[in-house]
Amino acid sequence: MNTLWFFLFISIALVKGNALFNVPSEYAGEILEAAANCIDSTGAGADAVQKVISANLENTEAFKKFLYCFSYKSGYVDSKGHFVVDQMTKLIGNHKDKAKFIDALNLCNKSEAGNTIDTAYQLAVCFKDNSPIYFTV
């Protein structure tokens, strides 16, 4: 099972015709640990990880709880549900669209919802709609 999670997270494809590249391996362990912990603690299905990576964002309470838990425990959103821009940027290195990626993160960080879980979900939707880089397997 851990091997499956590793391969789900280690490969990142940029859609819209961009090239494939790999997530730096030094981030895989913490991402995997956060995902495993959050699947257990939120009751989300094992497919929740794939949905996050592919930006197939379900508007259900279980999925939104998983999304926040996973993003927070892996360090990609803060306690209020907003992106930690420096952490997110590490994932893409010096990609040619890095500036546009950061602009999308900053734009989305202006979003607010009724609570941290909904805020994290709204940011993920905003990111999906505005980022030049999409993470998928």
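The table below lists the values:
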{"item": "Verdict on Phe83 being closer than 20 Å to Ala34 by Cβ, of a type outside the set (Asp, Glu) and within 15 Å of the chain's Cα centre (by Cα)", "result": "yes"}
{"item": "Breaking point among (1) loosely packed, with under 15 Cβ neighbours inside 10 Å; (2) of a type in the set (S, T, N, Q); (3) touching a helix residue (DSSP H, G or I) at 6+ places or on another chain (Cβ under 7 Å), for Ser74", "result": "(1)"}
{"item": "Close pairs from region 25-42: first within 10 Å of Phe70 (Cα to Cα) and surrounded by fewer than 18 Cβ atoms within 10 Å (Cβ to Cβ), partner among the basic types (Lys, Arg) and modelled with pLDDT of 85 or more, Cβ under 7 Å, at least 6 apart", "result": "Asn37/Lys73"}
{"item": "Residues satisfying the stated conditions in region 109-128, i.e. of a type in the set (Asp, Glu) and either part of a loop (DSSP other than H, G, I, E, B) or exposed (fewer than 14 other Cβ atoms within 10 Å of the Cβ) (or both)", "result": "Glu112"}
{"item": "Members of region 81-102 found to be surrounded by fewer than 16 Cβ atoms within 10 Å (Cβ to Cβ) and free of Cβ contacts under 8 Å to residues at least 12 places away in the same chain, listed by number", "result": "Asp86, Asn94, Lys96, Lys98, Ala99"}
{"item": "In region 43-67, residue farthest from the chain's Cα centre (by Cα) [restricted to those that are over 20 Å from Thr89 (Cβ atoms) and crowded, with 19+ Cβ neighbours inside 10 Å]", "result": "Ala44"}
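The values are calculated or read from the model by the stated rules, or taken from the named source; none is laboratory data. Given the structure is predicted, the values throughout are model-derived calculations rather than measurements. Using ideal geometry, Cβ is built from the backbone for each residue, glycine included, and neighbour counts are taken over all protein chains shown.
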